[in-house]
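The values are calculated or read from the model by the stated rules, or taken from the named source; none is laboratory data. Small disclaimer: the values here were computed from a predicted structure and weren't measured. Virtual Cβ from ideal backbone geometry, glycine too; neighbours counted across all protein chains shown.
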Amino acid sequence: MPKKRESRGRHKGGKGYVGYVQCDNCGRIVPRDKAVCITKMYSPVDPQLAQELEKKGAIIMRYPVTKCYCISCAIHLGILKVRPEAERKRRPAPV
């Protein structure tokens, strides 16, 4: 059967085994190299209050929060876009 993607949708390479992570949206168990992980900076302080405090010279800490999603949730949330068929397999032109 033909392959849709050369990497089978993974970033593993020749690694062999990788661990699993749980999707933060639906709870599905996904291989770590197949999951879409997004890191955003999180501040526990309200943005308007933080802006006022920073004007007065206070330092507001921001913390990185990493969330991992399965492919279907990443597409649903708009993190990934569905590419046209021509762009899915990017193979170099034969020489």
Within the range 36-59, residues among the small types (Gly, Ala, Ser), at negative phi and either modelled with pLDDT of 95 or more or not in a helix (DSSP H, G or I) (or both) come out as Ser43, Ala58
Every listed condition ((1) touching a strand residue (DSSP E or B) at 6+ places or on another chain (Cβ under 7 Å); (2) loosely packed, with under 15 Cβ neighbours inside 10 Å; (3) not in a strand (DSSP E or B)) holds for Asp24 save (2)
Among residues of the range 60-95 being of a type in the set (Gly, Ala, Ser) and in a loop (DSSP other than H, G, I, E, B), the residue nearest to Pro31 (Cα to Cα) is Gly78
Given the conditions (1) surrounded by 12 or more Cβ atoms within 10 Å (Cβ to Cβ); (2) within 26 Å of Glu85 (Cβ to Cβ); (3) of a type in the set (D, E, K, R), every one holds for Arg8 apart from (1)
ask   = For the range 79-90, does any single residue satisfy the condition of being modelled with pLDDT of 95 or more and among the basic types (Lys, Arg)?
value = no
